[in-house]
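Right, one structure below, let's go through it.
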Amino acid sequence: MSSEPPGSGPQPPDDDPFRKQPPPGAPGTPGSGSPYPPQDPYGGGSYPNDPLAGMPPLADSGKRTLARIIDLILVGIVVWLVTWPLGVHEYSVNGDKVEYGKSFAQSLVAAVLYIGYDTYLISKSGQTLGKKWLNMRVANLDNGSTPSVQTALARSAVLWIPFAFCCACIWTAISGGWSYFDRPYKQGLHDKAGKTVVVSTN
C-alpha cells in the first residue's frame, strides 16, 4: 500500500461537482479577511487541519451497512441468474463428494460481477445503487472528488475477492464493520486501501 500522504495524488478538475470546497471564512476565501491560502498539514496545500474540511458529513455506518446489503442482494440475483443455467452451484454434493470445481466457478463469477459493479459505478458517480438510494457517495479523502477507476478497483478488490473465495460473512463483517470503530474518518478496510471516505449527499 502506498505511503503517500493525502493530497499527493492527481487533483480533480475545477468543474468537478464533487470537489470539496473550503469552509466559510477559511483563509483565502471571500470574506475571510486573509489574502493567504490555507495550508494543509497532510500535504494537499489547500485546507487547514483536516482533509474532511469542506466535505459533506460522513455517512452513518448503519446506513452504509444497509446499502451494502442492498448491493449484495442485487448483484447476488445476477450471479444466480448467470450461474444457474450453467449448472454451477456452490458446493454441489453428490453422495460423499463435494464438487469444488463448481464452487470455484461460482466464486469466480461472483468476484468478477461484484468487483465490476462496484468499480464501474463508484468511478462513474461515487455511488452504487444502494448508496444512491440511501443518499451516500464514495469520495477521495484528499480532495473529495469521485474516485478514479484505479482507486475504485483497488477498493473493490479488497472488499470482494476475500468475500467471493474464502470467508464471505466474516470478511464482510470485518471490512465493512471496521467503519463503526474507525476514527476519525469511519473508514472500512477497503476505504483505507483506496484512501476514500463515504459521505452523505443530503
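The values are calculated or read from the model by the stated rules, or taken from the named source; none is laboratory data. Everything quoted here is computed from the prediction, not taken from an experiment. Reconstructed Cβ throughout: ideal geometry from the backbone, glycine too, with neighbour counts over all protein chains shown. Calculation scope for accessible area: heavy atoms of the full protein, side chains included, ligands and nucleic acids excluded. Shrake-Rupley method; radii C 1.70, N 1.55, O 1.52, S 1.80 Å.
Per-structure values
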| read-out | value |
| --- | --- |
| List 171, 84, ordered by accessible area with a 1.4 Å probe, largest first | 84, 171 |
| Heavy-atom SASA rank of 71, 50, 60 (probe 1.4 Å, accessible area, largest first) | 60, 50, 71 |
| Extreme residue, positive dipole direction of the range 116-191, given options 146, 136, 156 (C-beta unit charges) | 136 |
| Per-residue HN-Hα couplings for the range 186-202 [Karplus 6.51, -1.76, 1.60; θ = phi - 60°; Hz; x = Gly/Pro] | 6, 8, x, 4, 5, 5, 5, 5, x, 6, 10, 9, 10, 10, 7, 10, 10 |
| Residue-normalised accessible area of the range 127-188, expressed per residue, 1.4 Å probe, Å² | 45 Å² |
| 5 angstrom amide H check on residue 136, placed H, neighbours 5+ away | 201 |
| Contour minus Cα-Cα distance for residue 182 and residue 50 (0.36 nm per residue) | 45.9 nm |
| Linear extension gain, residue 200 paired with residue 170, 0.36 nm per residue minus alpha-carbon span | 8.2 nm |
